[in-house]
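Below is one structure, written out as structure tokens, with a few remarks after it.
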Amino acid sequence: MKKLICIAFALAVGATLSAAPKKKAPKDSVGFTFTDVNLVKTTPVKDQNKSGTCWCFSSNSFYEDEILRKTGKVIDLSEMFPVRLCYDEKADRFVRRYGVAQFSQGGSGLDVPYIWAKYGAMPEEAYKGLNYGEDKHVHGEVESLLSGYVKTIVRKPNRRVSTAWRKGFNGILDAYFGEIPDSFVYEGKTYTPKTFAASLPINVNDYIALTSFTHHPFYQPFELEVSDNWLNGQFYNLPLEELKAVVDNALENGYSVDWAADVSEGGFKWNKGVALMPKGKSESDMNDTELSRWVKLSDSERNNSKYNFEGPVEEINVTQEMRQEMFDRQETTDDHGMVIVGKAVDQKGNRYYKVKNSWDTNNIYDGFFYVSEPFFLAKTIDIYLNKEAVPQAILNKLNVKK
């Protein structure tokens, strides 16, 4: 996901926000009253803090939910194990491609499954990745060092790439994240990253990545054109209503959904625990007082005024064409990775998805928030989930077997 967005919103969370019950917000707090339905069992909310690694926190959380669903066991997977290994993989591609490749903290929902299949996994207690004097993740310094390092290598000051660059690069990774142990002890047993992954009920071949855009044929896979898809991963393309039907079917049957989306919209209100796509009033809908104020506003003030909501409002009707235009004009961008863990309704019956974030638990819903259906339809980049959660009729159209 886009690094700056991931970090900026994580930093914007105020520690002074008051907590509220998970099920319902006080009616006088922000004007919303949510009732949860179809909740999926999920592991605790985590904190990516000052790091652009939402992609790993969301994917790990999703796999933790899958383990919980299958075994009833809560497990805490290491985020920095795949983060460290992805840096190494990105550096290799960056140098081999003469610097014409993505190199940043960001990533996609396909990165963790890639690392899982190639290298394995580790529990958090065995690899925290905090070797630099901080209690929480702060990646600005290490990213600057790594980025500057690989850019120097591709400039070839010695006219050709040295044989030592990989050792130097991994020296930085070891210094900040720690060396990856060959083996470790977890719950009294000795594992390697490979054997630990094999001990868990996760087979990456059981999962599928889906999206919905019209610039590629439906029911076919394609390489999603976002900068953090550095693995050139393939996403199956569905019509928008079928993408929504997949998410609904998953939640109704106890499966969570790894979700990548744009969170830069004015209707994304993290502090209020809600994300909407407000329609905004037309001049014909305004009374004389409202119209008098409206004509005095600048264009930007008029555009922003619809986002000053304090409760449920009328939202736009999102079509496939509208969604595509937002993506083509880069109004919808690949910002953030989260996990959808349930459905909800507000006091007026409007439907929402309940989402688990990775920005700690100090917002009004203890680290969760509610995304309206229009926001989901407009601003979803992609989803990743168990193929078992996809309706068979849709899998048949994709020519995919469970």
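The values are calculated or read from the model by the stated rules, or taken from the named source; none is laboratory data. What you are looking at is a predicted structure, and each value in this text was computed from that prediction instead of being measured. Counting neighbours? That spans all protein chains shown, and the Cβs are built from the backbone with ideal geometry, glycine included. All accessible areas refer to the heavy atoms of the entire protein, side chains included, with ligands and DNA or RNA removed. Shrake-Rupley method; radii C 1.70, N 1.55, O 1.52, S 1.80 Å.
Quick check on my filter: what residues within segment 83-103 are open to solvent by 10 Å² or more (accessible area, probe 1.4 Å) and in a helix (DSSP H, G or I)?
Arg84, Leu85, Asp88, Glu89, Asp92, Arg93, Phe94, Val95, Arg96
Out of everything in segment 133-164 that is open to solvent by less than 60 Å² (accessible area, probe 1.4 Å) and touching a strand residue (DSSP E or B) at 6+ places or on another chain (Cβ under 7 Å), what residue ends up being farthest from Lys46 (Cα to Cα)?
Across segment 133-164, the extreme among qualifying residues is Gly140.
Could you check, for segment 104-118, whether at least one of its residues is in a helix (DSSP H, G or I), of a type in the set (Asp, Glu), surrounded by 16 or more Cβ atoms within 10 Å (Cβ to Cβ) and at pLDDT 95 or above?
yes
Return yes or no: is Met122 closer than 24 Å to Thr42 by Cα, within 20 Å of the chain's Cα centre (by Cα) and open to solvent by less than 60 Å² (accessible area, probe 1.4 Å)?
no
How many residues, within segment 175-203, are free of Cβ contacts under 8 Å to residues at least 24 places away in the same chain and within 28 Å of the chain's Cα centre (by Cα)?
Looking only at that region, the number is 3.
Is it fair to say Pro44 is of a type outside the set (Phe, Trp, Tyr), at pLDDT 95 or above, more than 21 Å from Asn203 (Cβ to Cβ) and surrounded by fewer than 16 Cβ atoms within 10 Å (Cβ to Cβ)?
yes
Mind listing just one residue for me: the one in segment 215-270 that is closer than 16 Å to Phe327 by Cβ and of a type in the set (S, T, N, Q) and, of those, most open to solvent (accessible area, probe 1.4 Å)?
Step by step, filter segment 215-270, then rank; the result is Ser227.
Of the residues Asn49, Asn38, which is open to solvent by 20 Å² or more (accessible area, probe 1.4 Å) and modelled with pLDDT of 95 or more?
On the way: Asn38 fails: modelled with pLDDT of 95 or more.
Only one candidate qualifies: Asn49.
Check segment 378-387 and report whether any residue there is open to solvent by 10 Å² or more (accessible area, probe 1.4 Å) and either more than 27 Å from Asn60 (Cβ to Cβ) or outside any strand (DSSP E or B) (or both).
yes
Which members of segment 177-222 meet the condition of being charged (D, E, K, R) and under 18 Å from Asp258 (Cα atoms)?
Asp206 - this is the single residue of segment 177-222 that is charged (D, E, K, R) and under 18 Å from Asp258 (Cα atoms).
Report, by residue number, each residue of segment 83-117 that is charged (D, E, K, R), farther than 16 Å from Cys54 by Cα and under 22 Å from the mean Cα position of the chain (by Cα).
Asp88, Glu89, Lys90 - these are the residues of segment 83-117 that are charged (D, E, K, R), farther than 16 Å from Cys54 by Cα and under 22 Å from the mean Cα position of the chain (by Cα).
For the structure I just gave you, tell me whether Cys56 is open to solvent by less than 10 Å² (accessible area, probe 1.4 Å), touching a strand residue (DSSP E or B) at 6+ places or on another chain (Cβ under 9 Å), part of a helix (DSSP H, G or I) and hydrophobic (A, V, I, L, M, F, W, C).
Yes: the conditions hold for Cys56.
Answer with yes or no whether Asn357 is in contact with a Leu (Cβ under 6 Å, 6 or more places away or on another chain), closer than 30 Å to His137 by Cβ and buried (at least 21 other Cβ atoms within 10 Å of the Cβ).
No.
Among the numbered conditions (1) over 25 Å from the mean Cα position of the chain (by Cα); (2) surrounded by 15 or more Cβ atoms within 10 Å (Cβ to Cβ), tell me where Ser212 comes up short.
(1)
Select from segment 65-82 the residues that are under 16 Å from the mean Cα position of the chain (by Cα) and more than 17 Å from Pro181 (Cβ to Cβ) and list them in ascending order.
Asp65
Can you tell me how many residues within segment 361-391 are under 27 Å from Lys70 (Cβ atoms), under 18 Å from the mean Cα position of the chain (by Cα) and charged (D, E, K, R)?
2
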